[in-house]
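K.L.:
Here it is: the structure, laid out below.
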Amino acid sequence: MKKIIILLGISLGSLFAQSGTDVTGTSSGGDGFSKAGSAGGQFLKIGPGARANAMGGAATAVVNDLSAIHWNPAGVAAIDDIQVYVSYTSWFADYQQNYAAIAAPINDDFTVSVFFLSFGVNDIPVTTINRPDGTGSNYSVNDVMFGAGFHGNLTEQFSFGINAKYVQNAFETVSAGGFAFDIGTMYDTNIEGIKLGFSIHNLSAERTYSGTALQVQTNQIDNVKSPDNGGTQSDLAVVVPAWPFSLPLIFRAGLSKDIIDSEKHYLLASADFVTMSDAPEQFALGAEYTWNDILSLRGGYYYGNDQLGLSGGAGIKYLSGDFDGTLEYSANPTNNFGFIHRLNVIMDF
């Protein structure tokens, strides 16, 4: 089984390399050309869930609830009851993220899930070159992602997960959509509480924006006459070409370890390595302390991002015979845009 997890990690890394991207964030030619902003669908990088974000994003080998859809779909295999997960994120610049998911086991080894995520903002003033202070109209940004997942335990130590999702970027009256896939694995070594996790996200083809906003009327083309109006110059319908773009391909590798595991006290430490098709490598460290399986305190640090760094949060759990509920909160300060707040509720039936 150790050979399986090592080979799987190598395979996922190779798949990332074969995508033709340079994971260092610069061109392969060494000319210093940055790939920042070269991929669309940036909202797919913003993870839902307070627990993982409170731990700095070091969650690939940790997540065991429906937030794992984003971090590592193999984590959903740990859910052995019906679970409902709802998360809200207050992003900067008035952007908001809403996420909801439900999972249900189909037998002792396999679980299915469905999920929905939206990210956007309303009432952005429309400005033009001639009217930089605004035209009096507003537009909205509405990005969505929804899909289904299949997750399972192949052995007592090895789990996997696969997501199939539809991703749409939309603003004003243009949009671009298409399907994408995520794959993840998790391996419990049974050695000193060490777990390993690997995942790759947003495997997809390129997509292109289309919509009425790209269709414009103009009379700014010289020497073009219309025979329908006596040969005088007239408006022409012009379709503005849109350049195809890819979603951000993301590869995660993580490790977690139980530091303390007693009846009342539990301390977990984790670390993640993250590389993306349009950004340099990034790293995350996190820790979680839980008292009596009721109250959890979390902290972490995210390296390699110009806005994110320290993070923290807490969670409280309610346990009963027929229903378990969890309320979690996290705060992530940014260097220039204030705090990012997340709140989620988990219900297990």
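K.L.:
Return, for the Cα atoms of the stretch 84-227, the radius of gyration and Dmax in Å, separated by a comma.
P.N.:
Every Cα atom of the stretch 84-227 included, Rg and Dmax give 22.6, 83 Å.
K.L.:
Something else about it: Heavy atoms of the protein only, probe of 1.4 Å, neighbouring chains included. What is the accessible area of Y99 in Å², nearest 10?
P.N.:
10
K.L.:
For F337, what accessible surface area do you get with a 1.4 Å probe? Give it in Å², rounded to 10.
P.N.:
Solvent-accessible area, nearest 10 Å²: 110 Å².
K.L.:
Do any GluC sites (Glu not before Pro) in the stretch 246-302 lie in a loop, going by DSSP, with at most 14 other beta-carbon atoms within 10 Å of their beta carbon, and if so which?
P.N.:
E263
K.L.:
Using a 10 Å cut-off on Cβ atoms, rank the peptides 188-196, 40-48 from the highest mean neighbour count down.
P.N.:
In decreasing order of mean packing, 188-196, 40-48 become 40-48, 188-196.
K.L.:
A further question follows. Could you work out what % of the accessible surface of the stretch 235-349 is carbon and sulfur, using a 1.4 angstrom probe and leaving DNA, RNA and ligands out of the count?
P.N.:
Whole-percent figure for carbon plus sulfur exposure: 66.
K.L.:
Write down the accessible area per residue of the stretch 62-193 in Å², having rolled a 1.4 Å probe over the full set of protein chains.
P.N.:
Spelled out: the 1.4 Å probe surface of the stretch 62-193, per residue, equals 47 Å².
K.L.:
Listed here are the pairs K35/K165; K165/K264; K35/K257; which of them are more than 30 Å apart at the Cα?
P.N.:
K165/K264; K35/K257
K.L.:
Taking the Cα-to-Cβ direction at D109 and at L154 and moving 7 Å from each Cα, how far apart do the two end points lie in nm?
P.N.:
For the pair D109/L154, the computed spacing is 1.1 nm.
K.L.:
Shifting gears a bit: Quick one: if you stick a label point 7 Å off each Cα along the C-beta vector at A213 and D322, how many nm between them?
P.N.:
Here the answer is 4.9 nm between the modelled labels.
K.L.:
Let me ask something else about it. Each label point is 7 Å from the Cα along the Cα-to-Cβ direction; what then is the distance between the points at D261 and Y88, in nm?
P.N.:
Simple spin-label model gives 3.6 nm for this pair.
K.L.:
Which order do H341, H201, H70 take by accessible area at a 1.4 Å probe, largest first?
P.N.:
Of H341, H201, H70, the descending order of accessible area is H341, H70, H201.
K.L.:
Can you give the accessible area per residue of the stretch 257-349, in Å², using a 1.4 Å probe?
P.N.:
Heavy-atom SASA per residue in the stretch 257-349 reads 53 Å².
K.L.:
Continuing with this model, one more query. Keeping all protein chains in place and using 1.4 angstrom, which order do D143, D80, D322 fall into by accessible surface area, from largest down?
P.N.:
If we order D143, D80, D322 from most to least accessible, we get D322, D80, D143.
K.L.:
Would you list V63, V239 from the most to the least accessible area, probe 1.4 Å?
P.N.:
Correct descending sequence by accessible area is V239, V63.
K.L.:
Rounded to the nearest percent, how much of the accessible area of the stretch 52-194 (1.4 Å probe, protein heavy atoms only) is carbon and sulfur?
P.N.:
55
K.L.:
When all protein chains stay in place, what accessible area (Å², nearest 10, 1.4 Å probe) is found for Y88?
P.N.:
In the full protein context, Y88 sits at about 90 Å².
K.L.:
Still on this structure, I have one more. Please report how far the C-alpha centroid of the stretch 284-349 lies from that of the stretch 79-114, rounded to the nearest whole angstrom.
P.N.:
15
K.L.:
Test of understanding: what is the full-extension gain from I129 to L310, defined as 0.36 nm times their sequence separation minus their Cα-Cα distance?
P.N.:
61.2 nm
The values are calculated or read from the model by the stated rules, or taken from the named source; none is laboratory data. Bear in mind the structure is a predicted one, so any value in this text is a computation, not a measurement. We place every Cβ from the backbone using ideal geometry, glycine too, and count neighbours over all the protein chains shown. Please note that ligands, DNA and RNA were not included when accessible areas were found on the heavy atoms of the full protein model with its side chains. Shrake-Rupley method; radii C 1.70, N 1.55, O 1.52, S 1.80 Å.
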